[in-house]
Amino acid sequence: MMESSGRKIIHVDMDAFFASVEQRDAPALRGKPVAVGHEAARGVVAAASYEARKFGVRSALPSVTALRRCPDLIFVPPRFAVYKEVSRQIHAIFAEYTDLIQPLSLDEAYLDVTANRRDLPTAWATAKEIRARILEETGLTASAGVSYNKFLAKLASDQRKPNGQFAVTPDMGAAWVETLPVSRFHGVGPVTAAKMRRLGIETGADLRDKPLEFLQANFGSSADWYFAIARGIDHRPVNPNRERKSSGSETTFDRDLTLDAEIEAGVLGQADDVWGWCERMQGFGRTVTVKVKYGDFQQITRSRSHSSVVDSRALLREASLMLIRSVLPTQRGIRLVGVTVSNFEHREPRTETLPLFDEAVV
């Protein structure tokens, strides 16, 4: 399970994580189609159980559409504090096997187990033991992919879901990639996959057949990545110190809003959510972006980069308010607003004294 780098990589992915936690904690939900989210007209599915997925219910699907596809769907409000605590349990298990852990989200991570801390004979045996420990300690199942690089390990973890694992060895890696649809490849989203199809690229084999010059002409800076993964090549290390590039929060209103005060209040609420993350993680950015989605689903963003980091709640509120006011007043109803901070630096936050806004505004 090694290439020239000698790496042994495991990608662990929890099975329908949010929904599985809800089914674990409420036995009456087991075996039934469950959606984590809100049933409201503007609600969106955050996660779906495997029973719901059989009906085409997926995350990010509008709740109304999900109910049309599965009339017996049971909605459960999300409990993010619970999911985070379970995630901490899972990562504590990972830490017993390696220090090289790169979380991708609450429910998935890369592990470099080359050093073999537990003296297990293979990376396959390590993945199997980790999955057994997760089941024993949390009551939840996980799937795993085992390979010699991150790209292949992530692909492999999806191969035998749920509650399975799959290995891609050096002698099969390149040939296996050729059999897969490019839509499964990390870094190939729906828009890129559609473009590839128009260019006659539907499988890994099709992608491998295209010369680098062709890929550069059609995909620009992403060409080198596509050229490499079509051959099963990925030299990225598991990076436990990978910094988050942005932090954002958004909300969908119960109805389309046109009143300035209501829209501004929504933006400031999202700014407060983002500031809570910045303060906890001591991550402070120079760029603030406000996202607006209108009732007709047209979406715009407004951004501003500052000369120094936005290092207080009041400054983030001020920046967010300035950006949203650039599109106000509006006669078009606004259904969603969001705030994102990016371009991070890490430093201590300033101590706030006087608020910048009158309480009537905020």
Subtracting the Cα-Cα distance of LEU104 and ARG58 from 0.36 nm times their residue separation yields 14.6 nm
Reduced to Cα centres, the span from the stretch 196-233 to the stretch 239-293 in Å works out to 36
Per the Kirkwood formula over distinct C-alpha pairs, the hydrodynamic radius of the stretch 246-345 in angstrom is 13.3
Beyond 21 Å (Cα-Cα) in this structure, taken from LYS128/LYS154; LYS8/LYS150; LYS128/LYS161, we find none
Computed about the Cα centre, the charge dipole of the chain from +1 Lys/Arg and -1 Asp/Glu charges at the Cβ has a magnitude in debye, to the nearest 20, of 760
hull vol. (C-alpha, convex hull) per residue for the stretch 181-229, Å³ -> 63
Over all directions, the chain yields a Cα convex hull whose mean projected area in nm² is 21.2
Residues whose built amide H sits under 5 Å from the amide H of LYS8, excluding neighbours closer than 5 in sequence, are VAL113, THR114
In Å, the Kirkwood estimate of hydrodynamic radius for the stretch 106-187 over Cα pairs equals 13.4
Cβ-Cβ cut-off under 10 Å around ALA52, Lys and Arg +1, Asp and Glu -1: the net charge is +3
Between ALA194 and TYR294, the two model label points (7 Å from Cα along the beta-carbon direction) sit apart by a distance in nm of 2.1
Residue ranges of DSSP H helices in the chain that stretch 20 Å or more (Cα, own long axis) and have mean Kyte-Doolittle hydropathy of at least 0.0 are 80-94
Dividing the mean separation of Cα pairs under 8 Å (6+ apart) by the residue count of the chain yields a relative contact order in percent of 14
With the stretch 17-78 reduced to its Cα atoms and the Debye formula applied, log10 I(q)/I(0) at q = 0.21 1/Å amounts to -0.66
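The numbers here are math on the coordinates, done by the rules we state, and not lab data. Since the structure is predicted, the reported quantities are computational estimates derived from the model, not experimental observations. Using ideal geometry, Cβ is built from the backbone for each residue, glycine included, and neighbour counts are taken over all protein chains shown.
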